[in-house]
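Just so you know, all these numbers are worked out from the coordinates, no wet-lab data involved. This one's a predicted model, so the numbers in the text were calculated from it and none came from an experiment. Using ideal geometry, Cβ is built from the backbone for each residue, glycine included, and neighbour counts are taken over all protein chains shown.
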Amino acid sequence: MYSRRLDGRTLTFGHEGILYKNSFVMYDKETKSLWIHTLGEAVKGPLKGKQLEFIPSFITTWKAWRTKHPETLVLTGRRARGMMGAFNLGRNPDRYGLSVGQGRETKLYPYSLLHKRKVIHDDFEGKKIVVAIDADTMTARAFECGDRKFRWSNGTFEDETGKAWDLLQGAMEDERLRPLPATPWLIERWRAFYPGGAEYESE
Amino acid sequence: MMKMLILLMGLLAQDLEADYEKHAHRAVPRDAFPVLHDPKLVPAAEASDVRDSDVVIGVMVGTEAKAYPIAVMGSHELANDNCGREPIAVSW
């Protein structure tokens, strides 16, 4: 998810109808520049090279989201058929990975491994990060975590001192971790989009 | 140092465009997909056709929370919306 604000103006996006490595290309109505939606980067036109600002979002179940945010609004409408409509991380975890990072600097964490480990500490772009999954809601998130170490303990996501954190928010009382973009991808699609891209391997 | 960085960024941008030219192809005409503009969202209590197990893209800006079921986004791929005071692009 991105902000539509760029250099003091608000952009409106349309669907260009072009696919780049199976990923759709969008255009902005203001300048007709072409943007690769998975990267948030303009590849052609007056805004070529510009990067949209990432807005943290959550991929989770409707039940988990509305329980956390009872005041939420929700989009309704016709359901897409086929794979898009039936998207379910719980059913085929081996086929999916969590792509962490923005633009071209990304790393893939397979869901099969996330399910097994629940919490993964890693170095990414020179920063210490934690990638963790809540198995009940299939919510996986990634945060910069500094020297903190996290674990799941009896259903609680806690740091090394035993303090409980809210994984969905990356928060504990007044403290907040900086979230990294984290998007589920079909692994085969991700590999085709980021050939030679970094994939997490367990030691 | 700055010059090198700008040069490097330029090179990367060129790489992307070259890669784009190599791999991009037109699938459908422009605007063939019904992209959403300022869609009407409803309160959770009125969303009887959204199932508990549906996977949603959730966003919260300030105090406003919005959810976009992937099953619905699949037929639009893209939504221009606002959350809090932020104009957002939701893509799937």
query: Taking the Cα centre of the protein assembly as shown as origin and charging only Cβ (+1 Lys, Arg; -1 Asp, Glu), how large is the dipole, in debye to the nearest 20?
result: 640
- prompt: How large are Rg and Dmax for the protein assembly as shown when only the alpha carbon atoms are used, in Å?
  reply: 18.9, 57
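Using a 10 Å cut-off around each Cβ, can you sort A:PHE143, A:PHE124 from fewest to most neighbouring Cβ atoms?
Sorted ascending by nearby Cβ count, the order is A:PHE124, A:PHE143.
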query: Using the Cα gyration tensor of the stretch A:5-44, with a ≥ b ≥ c the square roots of its eigenvalues, what is the shape: rounded (a/c below 1.5), prolate (a/b larger than b/c) or oblate (neither)?
result: prolate
query: In percent, what relative contact order does the stretch A:89-196 have, based on Cα pairs under 8 Å that are 6 or more apart in sequence?
result: 26
task: Please label the shape of the stretch B:20-80 as rounded, prolate or oblate, based on the square roots a ≥ b ≥ c of the eigenvalues of the alpha-carbon gyration tensor (a/c under 1.5 means rounded; beyond that, a/b larger than b/c means prolate, else oblate).
output: prolate
message: Of B:LEU36, B:ALA67, B:ALA18, which is farthest towards the positive pole of the stretch B:2-91's charge dipole, taken about the Cα centre with +1 and -1 on the beta-carbons of Lys, Arg and Asp, Glu respectively?
response: B:ALA18
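Just want the ordering: B:LYS66, A:LYS163, A:LYS48, from fewest to most Cβ atoms lying within 10 Å of their own Cβ. Mind showing how you got there, number by number?
Working: B:LYS66 26, A:LYS163 13, A:LYS48 17.
Arranged by neighbour count, lowest to highest, B:LYS66, A:LYS163, A:LYS48 become A:LYS163, A:LYS48, B:LYS66.
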- line: Partner lysines whose C-alpha sits under 23 Å from that of B:LYS22, ignoring same-chain residues fewer than 8 away, are A:LYS21, A:LYS32, A:LYS44, A:LYS48, A:LYS50
